[in-house]
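The values are calculated or read from the model by the stated rules, or taken from the named source; none is laboratory data. Model, not experiment: these values are computed from the prediction. Please note: Cβ atoms are built from the backbone with ideal geometry, for glycine as well, and neighbour counts cover all protein chains shown.
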């Protein structure tokens, strides 16, 4: 692509880092050129984060060199990394919600400033300058009033105010919709053209191949390959990441005739005061139904409304032909209708509790005797059976869930859903933050469940996932179902059109 | 990433040698410290290892033990209660006042315990329905309950010399050589420790404290859980207050000043987390025993009472620091 300057700005030589017996990085070599967007791909635990943390001075390497502008440097802290011109935008947004955008940006600058007094005028000017090139966010609004994507932009702006030459972005699009992501990519290219080098960490092949110049793949703490994206195929990257050939990223769709006439779920005229209106749809047995839509369109709210998790909902719901009159989520669980939350760490699992007690949480009574006494044996047996079914990799079932990787934590959350033998599962972003291997396992599990007659509804911001996994996709826009696509019509363009174009625009076109 | 099922390892991992697991348990560490202190004191003071001293010491922590049970359960659910000292005193004062007004002492006690339960429910209401923080609500109740104590007694202790002997028996009697107070204490400890470990009801307390939102998303009525743990803590305060009244034969409006800090410290030393989700009754009781043992040792060694708080505070800080590092290493 349009890399004018080919100088190497950052060079990592033979870098190793261990945590106790675990070798997180083994003799890694890596080169970053000036003005390039360099993607880093790898499964969770491949060593990407460790390497980035070493570059940002959060971790110290056991051996090996970091060479910046031809000089070997020792980066002893994030503050020092800032002084060297390295900015790191972490995956988790770490802003102060109750102060203004400008003040949030000041935070980092103030921290490295040598002057004793605050120069508010200068800082405000700088903040406005930075935002002129990024977007039209008003620097005086409070961060908590911004959308997630704009908060992400504030994080980037924060890094940019430090005159950084190297910008590390760790999965910045995880919380963004397609349109927001596109905006971000435009900004990234703009920055790269100004000579800033960007390290871009992502799981998503489409993003890497559409927006980056080069890609490096890591696996098991080792650097596997670096290539120009023009020279390789997405499947090469995926295979390098996984270390084996993945023939099919997604499982087979429902076989001919596998979708029966029997209706698992029927929703009619479902409304919530502010969040969604007049939602009606059906789910057939054996079918996987997807729900697409921009963030904030009401996707999650609709399914949470159906199972009475939140909202003041009116309308009718039938499950396997039976009309439901749920008062709360407990009733929904009792009827076999469960919801897998989109925020695994926030509300999906109990991180500091054992795997076994996580799996049993939906209905602890199932592993208890007549007096309400929990039978530890029964509880472990339940977790073990479900863990086997989901190919859960763990040390001991009494280990806390926090000891597991993202993919395995998600399997625990899914095992929790399965523990009550559900008739219908709503899965909200079932593979967010999950590595490629575990992701395709989870997809296969969903198809198996659907084939067993369990109703499956998947919400996802990743369109390729919805298209790959679902038999039919409903699209939600501004709290209403704006359309549905199935078979050949399931394309990203069609879905995005339904998700983002208003009726007025559509009639003009 | 091959497709082996690593669950097979689970069986072997669970067979960690018993001794090793025992060593890792926090309770073991506390028992070792308590025994060591016990041993040192036996040599240091001739009065330490006497029946009278043992009895006095166990009486001292036994009733506080009831409070620490309630506090631990509340901490596990993610709450905290600063009002335990004043609510205990209020139970004593109300029961004493009713008794002096001519009410049967048993009825008066039942009414006082009911009142404390009501106070707990009142706090639970403010926390779960109004949405205020435990800390603030219980701080307010701490002050209000203490004020009520002073109001009912005019600030002077109520002498209850006419309490019937069968009532005083709760606080002063013995079964064989063992004081009734200790028996009550043991019954409560064993019952609650067992329930906390084994019942689905209390498992939900752990779920709620560990991650309230995840618990709600698992169909647990977290508000109800928090309401009940808040109420239970105050009920236990009521029971403790009555036992103290029977033991002292009087109702003291200033009883239990600063007691809440001792109780919270004991629970935390015993492994309860202020963030909720962890804690054990056995640990908390050992915490109370440790603090009480330290107090009486210092008294026996003629250390000025003014030093005692400094030393107890330091023990709390040390215990929590050690635990923090142990947890870090494990994590």
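Per-structure values
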read-out	value
Any hit, segment B:229-243, residues being surrounded by fewer than 19 Cβ atoms within 10 Å (Cβ to Cβ) and out of contact with any strand residue (DSSP E or B) (no Cβ under 6 Å at 6 or more places or on another chain)	no
Positions within segment A:350-375 being in contact (Cβ under 8 Å) with a residue 12 or more places away in the chain, over 17 Å from residue A:422 (Cβ atoms) and more than 8 Å from chain B (Cβ to nearest Cβ), in sequence order	A:354, A:355, A:356
Wholly within segment B:182-271, helices (runs of 4 or more DSSP H) carrying at least 2 residues that are within 14 Å of chain A (Cβ to nearest Cβ) and either farther than 30 Å from residue A:307 by Cα or in contact with a helix residue (DSSP H, G or I) (Cβ under 6 Å, 6 or more places away or on another chain) (or both)	B:200-210, B:212-216, B:222-248
Test: residue in segment A:204-211 that is in contact with a strand residue (DSSP E or B) (Cβ under 7 Å, 6 or more places away or on another chain) and more than 14 Å from chain B (Cβ to nearest Cβ)	yes
Neighbours by Cβ (under 8 Å, 6+ apart or cross-chain): first from segment A:79-98, under 24 Å from residue A:433 (Cβ atoms) and not assigned by TED's automatic domain parsing to the domain that holds residue A:157; second at pLDDT below 85 and buried (at least 19 other Cβ atoms within 10 Å of the Cβ)	none
Unmet criterion (only one of (1) assigned to a helix (DSSP H, G or I); (2) in contact (Cβ under 8 Å) with a residue 12 or more places away in the chain; (3) more than 30 Å from residue B:205 (Cα to Cα)) for residue B:114	(3)
Search result, residues across segment A:455-470 that are crowded, with 21+ Cβ neighbours inside 10 Å and over 21 Å from residue A:172 (Cα atoms)	A:455, A:456, A:457, A:458, A:469, A:470
Residue match in segment A:401-417 (condition: within 18 Å of residue B:208 (Cα to Cα) and facing another protein chain (nearest Cβ under 8 Å))	yes
Evaluation of residue A:286 against (1) closer than 23 Å to residue A:443 by Cβ; (2) touching a helix residue (DSSP H, G or I) at 6+ places or on another chain (Cβ under 8 Å); (3) not assigned by TED's automatic domain parsing to the domain that holds residue A:314 (one fails), failing number	(3)
Checking residue B:280 against (1) modelled with pLDDT of 85 or more; (2) over 29 Å from residue A:353 (Cα atoms), the condition it does not meet	(2)
Residue within segment B:303-313 that is closer than 22 Å to residue B:187 by Cα and more than 14 Å from chain A (Cβ to nearest Cβ) present	no
Odd one out for residue A:242 among (1) at pLDDT below 80; (2) within 26 Å of residue A:16 (Cβ to Cβ); (3) buried (at least 21 other Cβ atoms within 10 Å of the Cβ)	(3)
Residue match in segment A:315-331 (condition: buried (at least 24 other Cβ atoms within 10 Å of the Cβ) and either touching a helix residue (DSSP H, G or I) at 6+ places or on another chain (Cβ under 6 Å) or within 13 Å of residue B:215 (Cα to Cα) (or both))	no
Breaking point among (1) within 23 Å of residue A:449 (Cα to Cα); (2) at pLDDT below 90; (3) within 7 Å of chain B (Cβ to nearest Cβ), for residue A:387	(2)
Selected residue (only one of B:249, B:154, B:171 is in contact with a strand residue (DSSP E or B) (Cβ under 9 Å, 6 or more places away or on another chain) and at positive phi)	B:249
Conditions (1) assigned by TED's automatic domain parsing to the domain that holds residue A:234; (2) modelled with pLDDT under 90; number of the one not met by residue A:3	(1)
Every residue from segment A:31-41 that is modelled with pLDDT of 90 or more and in contact with a helix residue (DSSP H, G or I) (Cβ under 7 Å, 6 or more places away or on another chain)	A:35, A:36, A:37, A:39, A:40
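Okay, residues lined up against (1) within 14 Å of another protein chain (Cβ to nearest Cβ); (2) within 29 Å of residue A:41 (Cα to Cα); (3) at pLDDT below 90; (4) part of a helix (DSSP H, G or I):
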position	(1), (2), (3), (4)
A:425	yes, no, no, no
A:439	yes, yes, yes, yes
A:442	yes, yes, no, yes
A:449	no, no, no, yes
A:456	no, no, no, no
A:465	no, yes, yes, yes
A:481	no, no, no, no
